[in-house]
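Let me begin by presenting the structure, written as structure tokens, before commenting on it.
The values are calculated or read from the model by the stated rules, or taken from the named source; none is laboratory data. These figures come from a predicted structure and were not determined experimentally. Cβ: placed from backbone, ideal geometry, glycine included. Neighbour counts: every protein chain shown. For the accessible areas, the whole protein counts, side chains as well, though only heavy atoms, and no ligand, DNA or RNA atoms are used. Shrake-Rupley method; radii C 1.70, N 1.55, O 1.52, S 1.80 Å.
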Amino acid sequence: MTKRTFFFFAALIVWSTSFGAVQLPQLFQSGMVLQRGKPIPVWGTANPQELVSVSWQKKTYTALTGADGRWRIDLPATKAGGPYVLTVSTVGANGAAAGPVTDAVTLTDVMVGDVWLLSGQSNIDVTIERVYPQYTDEIERFDNSNIRLFRVQNETATHGPKSDIRPTAINWKPLTKQNAWLFSAVGTFLGKRMWEKNHVAQGIIVNSWGGTPIEAWLPADSLQRDYPQLVSKVQLYDNPDFIKAQQHANQLANDRWSALLDVQDPGIAGRFSALDCDDSNWAVVNQDEWKWRGIGSTWLRQYVIIDKAHAGQPARLLLGTLFDADITYVNGRQVGRTYYQYPPRRYDIPEGVLREGVNVIAVRFINKYGSAHFIPQKPYMLCFGPDRFSQNPMPKDVIPLDKLWRNHDGAAMPPCPSGDVSLQNMATTLYNAVVYPLAPFAVSGVVWYQGESNTGNPKPYADLLRKLMGSWRTLWQEPALPFCIVQLANYDGRQQTGNPSPITDQTSPVNSNWAQLREAQRTVARDDAYAELACIIDLGETVDIHPLRKREVAERVGLCFDRLVFNDKKVKLSPKLLTAVTAEGMVTLTFDQPLGEGAIGDCEYADEMGVFHNANATATGNRLVISIPSGRPVAIRYAWKDNPVLANLCSAAGLPVAPFEHRLEY
């Protein structure tokens, strides 16, 4: 589809839902999925005091608009099925019951099934494109018109709730590889999983924004009493002219910084990327140890010998993950560019670029903060053959890269001026713009996958999460709206920044912020009758805050909804702690199901002074027995680390036990 065609269809969508007197929210479009088994709210606007009718399954329902032109009709609960047609029309002014139809919107291919709302930050954002190498064969077979995808466009609002979301590029599109390519991987795999289990249409609404804190997703009235400073801060930015001016200034500063960098960098125009560049006097560095703490640019080069069989063949260059931005060349030809630290570097080398004999890979690092470096434990290699796009399993025909590179500085720069506003990180701005307008669209359940951006101050998180769940349930007028809380995965952020913290070696006891936030997620889910916790402490990556095993995450979310929504008592979730009994020299913890038996790592006890120590522990049956060398312990912890490398407590079926802290009573 050409860019011009795309914008034509986008304009047509807006026109079809808003032209004339009757208007529907952006969620209501042809191809949508409506929630089965619940009343179906349909709402919108028309002229004041006008009669609106909704035709649905051979019946017509009417409502009179108010003075503000708003109307709402709740259709009766409907069984799964479709496709259906839904027509909304007005039938005259001033409530006239008779007369010709003056305006109508007809939506076709409407399905009734289960609708899931997924919200949070970047681990919801992670796309199918990002995880494709993990599930190459499965993604290639994506083709199911019963799974529909809807992406809410990012937007902020500082001054109260908006009435609707922005027009979106993904409008209830059926599941195909192309449609899912830039869509949430967790959302896609959840829809696929729930379809395979229940065989009813699945509607996946993704509403997330990378890097955002939980307070951005909360309404002002829920924060005003306990967190007034958060509300006051966003009020300082309630000035569109100031926001626009600041954003424009930031863009000008960034453009100027980049232009000056290019002018001053001696490696530009192929001088450091070409095969014949003389790098004999460059420093030799090891990628596992190298860190460049400058601001500006630095270059690294290494030579690769290509044999006759691989010469001229297309290839994929895997450069792990780099901090922060990079431009990468092969034999002087640019093969890839990434603007920030998180995306995996997977650069395709076209046919004819690689030559027999000596070839050179040149990487230009561009750094504005921290330390430029390679991320360890990631793949660094050239991949050939038809399976070169897969990383699970790895391709059969590969040439590993050397860990040694030649290094030469490019240009040193001052810090880039920045007064970034980042409205999406301020309280209430996302609730106002992208949560409030979605209600009361009926959904089966909510996935909340967020928390990384609140690990700097985890103490209030439990309270904020309770407020979020309560305010959303109030907004949807569903006190029992189910929530699946995805607990933070294991991760060692020291590896990403290149600035290792002296706090721990990830084996000694420490009061980890990540563990504290996980505990907030666990206790909130434990205490809420309509919430479950999806524990993924074993699905993370030490060096990547965006782990790629999203299908497994979706499976665990699905298990939570099997229990919460479909009341499937046979489904076993992660084991839950029931009781703790102290005796001389030991503490026995009892769980709600059998455990995987054997020695258990990452267990700790606190002595009478509250100081934590590592402890030996053994699981047998549904009990975890922790040995206490002496004294009377006051608390037990399990997996209380950012990245608990020794954690291995799980159910007999293999689901991990969520990290926890339990205070002992005497």
Among the candidates P343, P314, P376, P350, which residue alone is farther than 17 Å from G267 by Cα, open to solvent by 10 Å² or more (accessible area, probe 1.4 Å) and at pLDDT below 95? P376
Boolean, D568 is at pLDDT 95 or above, of a type in the set (D, E), outside any strand (DSSP E or B) and open to solvent by 60 Å² or more (accessible area, probe 1.4 Å): no
Surrounded by 12 or more Cβ atoms within 10 Å (Cβ to Cβ), within 22 Å of V510 (Cα to Cα), at pLDDT 95 or above and touching a strand residue (DSSP E or B) at 6+ places or on another chain (Cβ under 6 Å): does that describe C560? no
Within segment 140-178, how many residues are more than 18 Å from I124 (Cα to Cα) and aliphatic (A, V, I, L, M)? 2
Total residues in segment 526-542, condition buried (at least 20 other Cβ atoms within 10 Å of the Cβ) and farther than 11 Å from L488 by Cα: 3
As an exercise: evaluate R36 against (1) under 27 Å from V434 (Cα atoms); (2) open to solvent by less than 10 Å² (accessible area, probe 1.4 Å) and give the number of the one condition it does not meet. (2)
Expected output for segment 532-551 (first residue small (G, A, S), partner modelled with pLDDT of 95 or more and assigned to a strand (DSSP E or B), Cβ below 9 Å, 6+ apart or cross-chain) is A534/V447; A534/Y449; A534/C484; A534/I485; A534/V486
Taking S55 and the conditions (1) at pLDDT below 95; (2) open to solvent by less than 50 Å² (accessible area, probe 1.4 Å); (3) not acidic (D, E), which numbered condition does it fall short on, given that it satisfies the others? (1)
Do we find that Q477 is open to solvent by 20 Å² or more (accessible area, probe 1.4 Å) and without any contact (Cβ under 8 Å) to a residue 40 or more places away in the chain in this structure? yes
Considering segment 390-419, residues that are under 34 Å from the mean Cα position of the chain (by Cα) and among the charged types (D, E, K, R), and then whichever is farthest from I349 (Cα to Cα), we arrive at K403
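Restricting the search to segment 356-371, which residues are of a type outside the set (S, T, N, Q) and either buried (at least 21 other Cβ atoms within 10 Å of the Cβ) or within 18 Å of G270 (Cα to Cα) (or both)? Step through it out loud before you land on a result.
Going residue by residue through segment 356-371, those that are of a type outside the set (S, T, N, Q) are 356-358, 360-366, 368-370.
Passing the criteria: V358, V360, I361, A362, V363, R364, F365, I366.
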Tell me the strands (runs of 3 or more DSSP E) entirely within segment 587-666 that contain at least 3 residues that are more than 15 Å from V510 (Cα to Cα). 598-606, 612-620, 623-627
How many of the residues making up segment 621-634 are of a type in the set (A, V, I, L, M, F, W, C) and closer than 13 Å to T579 by Cα? 2
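Pick from T618, T582: which is free of Cβ contacts under 8 Å to residues at least 24 places away in the same chain, on the phi < 0 side of the Ramachandran plot and surrounded by 15 or more Cβ atoms within 10 Å (Cβ to Cβ)? Let's see the steps before the verdict.
Numbers: T582 fails: free of Cβ contacts under 8 Å to residues at least 24 places away in the same chain.
That would be T618, the only listed residue that is free of Cβ contacts under 8 Å to residues at least 24 places away in the same chain, on the phi < 0 side of the Ramachandran plot and surrounded by 15 or more Cβ atoms within 10 Å (Cβ to Cβ).
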Quick one: which strands (runs of 3 or more DSSP E) sit completely within segment 23-87 and have at least 3 residues that are over 37 Å from the mean Cα position of the chain (by Cα)? 50-56, 59-64
